[in-house]
Amino acid sequence: MTAYLLKRLIIAALTLVLASMVVFAIMEVLPGDPARLMLGLNASADQVELLRNQMGLNAPLVLRYLHWAGGLLRLDFGRSYTYSVPVIDLVRERVAVSLPLALIALALSTIIAIPVGVFSASRQGRAGDTLAMGAAQLGVAVPNFWFALILIYLFAVWLHLVPAGGFPGWNAGIWPALKSLILPAVALALPQAAILGRVARSALIEVLNEDYIRTARAKGLPYRAVLWRHGLRNAMIPVLTILGLQFAFLLAGTIIIENVFYLPGLGRLIFQAITQRDLIVVESIVMLLVAAVILINLLVDFSYAIVDPRLRGRQ
Amino acid sequence: MTMRFDLPEETLAGVLAKAFSNRSFLIGLAITLLIVAVALISFVWTPYDVTRLVIADKTQAPSWVHWFGTDHFGRDILSMVMVGARNSIAVALVAVGIGMGIGVPLGGLAAARGGLADEALMRVNDLVFAFPALLSAIMITAIFGPGAVNAIIAIGIFNIPVFARVARAGALAIWTREFILAARAAGKGVTRISIEHILPNIATLLLVQGTIQFALGILAEAGLSYVGLGAQPPMPSWGRMLFDAQTRMVTAPWMAIFPGMAIVVTVLGLNLLGDGIADILDPKSRRRR
Amino acid sequence: MKLWKTILAAAALSLAAATSALAARTDLTLGIVLEPPHLDPTAGAAAAIGEVTYANVFEGLTRIDDNGQVQPGLAESWAVSDDGKVYTFKLHSGVKFHDGSAFSADDVKFSLDRARAKDSLNPQKQLFAHITDVTAVDPTIVKVTLDGPQGSFLYNMGQVAAVIVAKRSADGNKDKPIGTGPFKLDHWAKGSEITLVKNTEYWGTAAALDKATFRIVPDAAAAVPALLSGDIQAFANMPAQDALGQIQSDPRFSVVIGSTEGETILSINNKKPPFDKLAVRQALASAIDRSAIIAAASNGLGKPIGSHFSPGDAGYVDLTGVYPHDIAKAKEYLKEAGLENGFSATLKLPPVPYARDGGQVIQSQLKEIGVNLQIIPVEWAEWLSQVFTNKDYDLTIVSHVEPNDIDIYSRPGYYFQYDNPKFNDVIKALGTAVDKDKRLELLGEAQKILAHDVPAVYLFELPKIGVWDAKLQGMWTNWPIEADDLTKVKWTD
């Protein structure tokens, strides 16, 4: 067991190091000069060169990589070229938007998906099941940014219930802040709920066909009790796996949605940083997201190993 | 979700009979054929020329003259949706091709050789999977510039590990079969066995994964085009049309509705088709669905 | 649903009535399209920096008003020597920076010397190029010596990049701007808004507003609902697109179309074949239809231009008729160049609506004379490195928003790759001309040379679409420089 965990950890660390090299290399070949961008049309070539030196852009490649990667290890992400504040401060502000958004979306998707999955599984093959799964098929097919546009049109432009975009900041109060996260969260949650609902249904059906469920029913336990108490609990593993994956996806997948709603979140920051060639910000956020994905995968792996020792041999 | 398949040991007639009684398959097939037909028709005929801008006719609501209305340049949206189908299908199809063409041999190789080759492949897979796909696609197009070809590459790269993983898992199961042992005993080499025996037996698995990735590819292309990184004008694309529509939701909602519906219908059709195929070829399907 | 809407509207109305019964408002939320990267106008070229800080947070020796005229700023008056080389500025006394430190002639000397220094990173360093010496005579007198008479010196000193900063706070201005203006920075929520509050220690006439918030609203999709719902009460330049008509017909809002210094042009790489041939450039100029481009890329609001000059500026000559839209004539020009079968070229478009939309129209128009354009969208960073710095382009669309910048066609190494000795002579004469009539004559001549020689195809002057609450007064109509000067803005009833 320990050996297995150790191996997974080493692999995760290696993946991180490789990823950091890939990210750095990508940023290196990205066309465009951040210094020229900051100084504009009227600046002379000498001025641009001067600023490049100041920004440390003219140091040798390997040195810059080591400097950056070394900083990461000490959790020092460097300073943003454009905002000239520490990257960590920027990230902290943005995570305060993206993380709640991802969490709300995840909660919404779970709240919708689990009951639908249970409902469908318990009425397998009947009209209700067909209808619910048809709706789920539709949900999977809807691009979330298009769904977001429709939501904006209905609830912001037409009904004026929520703002069409923007984020007032948590300082403006919990409710106004939450209000501006509702539509984006719904837009993110729907396709995820559709996927999760399908997984929950098939996992539950699989479990309900197991012998011990039949035994429980034979003992005269009511169907509902069997379904919720035994069935759902045992169907939780695949559901949780998907949830973990979805969380990682949501953290990064908010890029487009944050752009639709003008939310000052991580996704928007990274998009802006790419266009402004704020390379250090891009590198740091990508690494942060990659690390999050790796960590979640690691946790999923560990939980598998704990639940089902047979899996360890197969990895 | 993991999918388990047993070899299709039924007769062709049996499979066909199942196919024609499978609702998902039939609806999915009908939609997919419809979209492909629309895309093909657009090569020879569209109601209007999509490269011609008629500023005087801009943002007209749907009418008998323009069934889906016109966009901000006065182009006919129905025509653009038709031509856009071509673009979406092409991008998604080639991206699946890249994924299969590179991923399947890699996965097959890893399964056949095992050991270091297998380990290396899985580590590279880990690496690619660690990057959020959309983010990497944005970075790739930031380097090479936006455009349909680069969108294909960006989406295709992420299909490679998917197919490698599916092919590897499928192939590993087959390698333990008796008929493989027999083939080995007959002196056939690893490559030959992979091509002659393994590949046909994982083909259905790949087909199902292919339709899933195809649908995902259409969504990904729309997403990339939506942020301005996909096909470039004058070539219409569904995602781009949605981007143009976004700022005009108040004044011209039809600009958003029709291309969006096109994406939904296409992805829905492909997903139903994939589900249908899986149902038909999976002996356990009767129980699960 | 209808009923709901009515109830909500009624509730909103009664709320609005309740607030307006009180004293006139003293807060304002403005929408701006781009977020400034930082707030130091002496260290960055982004126009958004000036939009927020100019006249509000930072002030210069002179200031530019709504009509592009030079007004006194921190200098209450000035005198010019007879040879036009020495400017003596008399400064206001009792001026304080936001950190409480006193403003004096030393700060002026520091700011100008810093801007023109060898290691200066001022984005408009050329504004200070002719200064040879700055002397603080006493705390309220500054003497600036130039290397020769310079017609636009006072105007230059009123530019965004020429604002006066203090030595002790200069390095921190990006994040904590310390100026002398009537507003100071209160809070910057990165990615969403910047809030300024009234500077109660201001040396001049105090601002009417207590608080001004600049909220970042990147495009029409967000701007229109934000305006209609009252979240935002003013846009100095609104990304309104097709919704403008709807806003214009709404009595709650004033829509004021003003002028800018933004010449929107189809830039041509003049050294790259076939564009080195005059006939090819003439063909392009004749093939494009400005009215269709303006309709699609500028809401029909942009003013057509025939040369690189703003119709709002003194000395403007209408040259839009030099090459009228004429497909047959355009084809003749192509034939003259030996390209009757047309040719292919690339069109690089930066990420702004006027370029991306206008580009598609131009692509469609040039197709009619057999010129096939391949559109290549680029980010600003790529545009700057590929097009502007490396001159790796055929055609591009961009708006040159710098004021009075007709001289760019004479700058060696500028991305147009245009070199016309006759034009250069005119610009040289203009640099030293101080007499007003002589200047206007030279400016007219320069415009005509460009109009006929087509180093770029001149499309339209970018309009400023001012939209604000009808009860708001004092917003700028025009944009001689990109600034949202709030010093005279107030609510009325």
Exercise. So what J values fall out for segment C:223-228 if you push phi through Karplus, 6.51 cos²θ - 1.76 cosθ + 1.60 with θ = phi - 60°, rounded to Hz, Gly and Pro as x?
Worked result: 5, 5, x, 5, 6, 4
For this session: State the answer as a single residue: which of A:Ser84, A:Gly117, A:Gly71 lies farthest towards the positive end of the charge dipole of segment A:1-146, with beta carbon charges of +1 for Lys and Arg and -1 for Asp and Glu, about the Cα centre.
Result: A:Gly117
Problem set entry | Bins of 5 Å from zero: percent of alpha-carbon pairs in segment A:2-73 | 3, 13, 17, 17, 14, 11, 8, 6, 4, 3, 2, 1, 0
Exercise. So if R0 is 25 Å, what FRET efficiency would A:Leu221 and A:Arg126 give, r being the distance between their Cβ atoms, rounded to the nearest 0.05?
Worked result: 0.70
Seminar exercise, completed: Of all trypsin sites (Lys or Arg not before Pro) in segment A:67-134, the ones in DSSP coil with at most 15 other Cβ atoms within 10 Å are A:Arg74, A:Arg123, A:Arg126
Problem set entry | Residue-level accessible surface for C:Ser93, protein heavy atoms, 1.4 Å, Å² | 90
Problem set entry | Solvent-accessible area per residue, Å², over the protein assembly as shown with all protein chains present [probe radius 1.4 Å] | 41
Exercise. Amide H of C:Ile376: which non-local residues (sequence gap of 5 or more, or other chain) have their own amide H closer than 5 Å, using H built in the peptide plane?
Worked result: C:Leu347, C:Lys348, C:Leu349
For this session: Relative to the longest principal axis of the C-alpha atoms of chain A, give the angle of the C-alpha long axis of helix A:87-122, reported between 0 and 90° and rounded to the nearest 10°.
Result: 20
For this session: Determine ³J(HN,Hα), in whole Hz, for all residues of segment C:97-112 in sequence, where each value follows from phi through the Karplus function 6.51 cos²θ - 1.76 cosθ + 1.60 and θ = phi - 60°; x replaces Gly and Pro.
Result: 6, 4, 8, x, 6, 7, 8, 8, 4, 4, 5, 5, 4, 4, 5, 5
Exercise. Could you give the distance between the Cα centres of segment B:188-236 and segment B:74-131, to the whole Å?
Worked result: 5
Seminar exercise, completed: With every protein chain in place, the accessible area of C:His187 for a 1.4 Å probe, in Å² rounded to the nearest 10, comes to 80
For this session: Might you report the magnitude of the Cβ-based charge dipole of chain C about its Cα centre, with Lys and Arg at +1 and Asp and Glu at -1, to the nearest 20 debye?
Result: 420
Exercise. Under 20 Å Cα-Cα from C:Lys198, which aspartates and glutamates qualify once same-chain neighbours fewer than 8 residues away are excluded?
Worked result: C:Asp27, C:Asp40, C:Glu51, C:Glu59, C:Asp99, C:Asp175, C:Asp186, C:Asp210, C:Asp484, C:Asp485
Problem set entry | Mean Kyte hydropathy of 1.0 or more with a Cα span along the axis of at least 27 Å, helices from DSSP in chain B | B:23-44, B:77-113, B:148-175, B:199-226, B:254-281
Exercise. Near the amide H of C:Phe253, under 5 Å away, which other amide H atoms are found, from residues 5 or more places off or on another chain, if H is placed in the peptide plane?
Worked result: C:Ala470
Problem set entry | Pairs of Cα atoms farther than 38 Å apart, the protein assembly as shown, % | 55
Exercise. When the solvent-accessible surface of protein heavy atoms is calculated with a 1.4 angstrom probe, in what order do B:Met100, C:Met475 fall, highest first?
Worked result: B:Met100, C:Met475
Seminar exercise, completed: Here the FRET efficiency for C:Ala129 versus C:Thr389, based on Cβ atoms and R0 = 25 Å and rounded to 0.05, is 0.80
Problem set entry | Two-site label geometry, A:Ala3 and C:Lys90: point separation in nm, points 7 Å out along Cα→Cβ | 9.2
For this session: Taking H placed 1.01 Å from N in the peptide plane, check which residues at least 5 places from C:Phe460 or on another chain put their amide H under 5 Å from its amide H.
Result: C:Thr264, C:Ile305
Exercise. From the residues B:Phe43, B:Ala167, B:Leu53, which one has its Cα farthest along the dipole of chain B in the positive direction, the dipole being from +1 and -1 charges on Cβ of Lys/Arg and Asp/Glu about the Cα centre?
Worked result: B:Ala167
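May I have the count of lysine pairs in segment C:287-388 with C-alpha atoms under 19 Å apart, counting pairs 8 or more residues apart or located on different chains? Please list the in-between numbers first.
Values: C:Lys329/C:Lys367; C:Lys331/C:Lys367; C:Lys335/C:Lys367; C:Lys348/C:Lys367.
Taking segment C:287-388 as the scope, the lysine pair count is 4.
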Problem set entry | Dipole magnitude of segment A:2-73 about its Cα centre (Cβ charges: Lys, Arg +1; Asp, Glu -1), debye to nearest 20 | 400
Problem set entry | Structure-based [θ]222 nm, chain C - -39500 (n - 2.57) summed over DSSP H runs of at least 4, per residue, nearest 500 | -8000 deg cm²/dmol
Seminar exercise, completed: Using alpha-carbon positions, the gyration tensor of chain C gives root eigenvalues a ≥ b ≥ c; with a/c under 1.5 called rounded, otherwise prolate if a/b exceeds b/c, else oblate, the class is oblate
For this session: For chain A, with a Gaussian network of springs between Cα atoms less than 10 Å apart, report the residue from A:Phe155, A:Phe247, A:Phe147 with the top mean-square fluctuation.
Result: A:Phe155
Exercise. If eta is 1.567 mPa s and T is 4 °C, what Stokes-Einstein diffusion coefficient results for segment C:305-405, Kirkwood Rh from Cα pairs, in µm²/s?
Worked result: 84
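How would B:Val265, B:Val91 rank on accessible area, largest to smallest, probe 1.4 Å? Don't skip to the answer; put the middle values down first.
Numbers: B:Val265 60, B:Val91 5 Å².
Ranked list, largest accessible area first: B:Val265, B:Val91.
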Seminar exercise, completed: chain C: relative contact order from alpha carbon pairs under 8 Å, six or more residues apart, as a whole percent, is 21
Problem set entry | Straight-distance crosslink candidates among lysines, where the alpha carbon sits under 17 Å from C:Lys174 and sequence neighbours closer than 8 are dropped | C:Lys184, C:Lys190
Problem set entry | Length-normalised contact order of segment A:90-312 in % [C-alpha pairs under 8 Å, at least 6 apart] | 28
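Roughly how many percent of the accessible protein surface of segment A:90-312 is carbon and sulfur, given a 1.4 Å probe and a whole-percent answer?
That share works out to 70 percent.
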For this session: Pull up the cross-link candidates among the lysines for C:Lys85, meaning alpha carbon to alpha carbon under 25 Å and not fewer than 8 places away within one chain.
Result: C:Lys109, C:Lys118, C:Lys125, C:Lys143, C:Lys428, C:Lys436, C:Lys438
Exercise. Of all the Cα-Cα pairs you can form in segment A:90-312, what percent are over 33 Å apart?
Worked result: 27
For this session: Give a residue-ordered list of calculated ³J(HN,Hα) values for segment C:41-58 (Karplus: 6.51 cos²θ - 1.76 cosθ + 1.60, θ = phi - 60°; whole Hz; x for Gly, Pro).
Result: x, 8, 10, x, 8, 4, 4, 5, 4, x, 4, 7, 9, 4, 6, 8, 9, 10
Seminar exercise, completed: With the charge dipole of segment A:2-73 built from beta-carbon charges (+1 for Lys and Arg, -1 for Asp and Glu) about the Cα centre, the Cα from A:Gln54, A:Pro34, A:Ile11 projecting farthest to the positive end belongs to A:Ile11
Exercise. Which value, in debye to the nearest 20, describes the size of the charge dipole of segment A:15-153 about its Cα centre when Lys and Arg Cβ atoms bear +1, Asp and Glu Cβ atoms bear -1, and nothing else is charged?
Worked result: 360
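What average number of partner chain Cβ atoms lie no more than 10 Å from the Cβ of the residues making up C:295-301?
2
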Problem set entry | Alpha-carbon centroids, segment C:183-216 and segment C:219-292: separation in whole Å | 29
Exercise. So, in Å, what gap is there between the alpha-carbon centers of segment C:378-440 and segment B:24-49?
Worked result: 51
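The values are calculated or read from the model by the stated rules, or taken from the named source; none is laboratory data. It should be emphasised that the depicted structure is a prediction, and the values quoted were computed from it without experimental measurement. Cβ sites come from the backbone with ideal geometry, for glycine too, and all protein chains shown count toward neighbours. The accessibility values were calculated without ligands, DNA or RNA, using every heavy atom of the protein model including side chains. Shrake-Rupley method; radii C 1.70, N 1.55, O 1.52, S 1.80 Å.
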